[in-house]
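J.: The following block contains the structure, expressed as structure tokens.
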Amino acid sequence: MPFARTVILFAPPIYVPADADQQMLEAKHAEMQRELERVRDIAEGWFSLSDSDREKYRTEFARRP
């Protein structure tokens, strides 16, 4: 849409060991779900955040593991 505002966030990758057992897979799945929900919540509220909060998230999401 013309003049639409968007925001895209990329969270750091979540690594799963090649030899992960079922317990590890379930833990990584839960970690992924928490991170997806956190990033979604940040993105949905992005345009109502203060400039300092936006900058905090820009710094956080710009870091590479």
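Please treat every number below as a calculation from the coordinates, not as lab data. Computed from a predicted structure; not experimentally measured. Every residue, glycine among them, receives a Cβ derived from its backbone with ideal geometry; neighbour counts consider all protein chains shown.
J.: State whether the residues of segment 18-37 include one that is surrounded by 11 or more Cβ atoms within 10 Å (Cβ to Cβ) and in contact with a Phe, Trp or Tyr (Cβ under 6 Å, 6 or more places away or on another chain).
T.: Scanning segment 18-37 turns up no residue that is surrounded by 11 or more Cβ atoms within 10 Å (Cβ to Cβ) and in contact with a Phe, Trp or Tyr (Cβ under 6 Å, 6 or more places away or on another chain).
J.: Would it be correct to say that Ala43 is in contact (Cβ under 8 Å) with a residue 12 or more places away in the chain, surrounded by 13 or more Cβ atoms within 10 Å (Cβ to Cβ) and not in a helix (DSSP H, G or I)? Before you say what the answer is, go through the steps one by one.
T.: Working: in contact (Cβ under 8 Å) with a residue 12 or more places away in the chain: yes; surrounded by 13 or more Cβ atoms within 10 Å (Cβ to Cβ): yes; not in a helix (DSSP H, G or I): no.
When the stated conditions are applied, Ala43 does not pass them.
J.: Condition check: small (Gly, Ala, Ser), surrounded by 10 or more Cβ atoms within 10 Å (Cβ to Cβ) and more than 15 Å from the chain's Cα centre (by Cα). Does Ala11 satisfy that?
T.: Values: small (Gly, Ala, Ser): yes; surrounded by 10 or more Cβ atoms within 10 Å (Cβ to Cβ): yes; more than 15 Å from the chain's Cα centre (by Cα): no.
Spelling it out, it is not the case that Ala11 is small (Gly, Ala, Ser), surrounded by 10 or more Cβ atoms within 10 Å (Cβ to Cβ) and more than 15 Å from the chain's Cα centre (by Cα).
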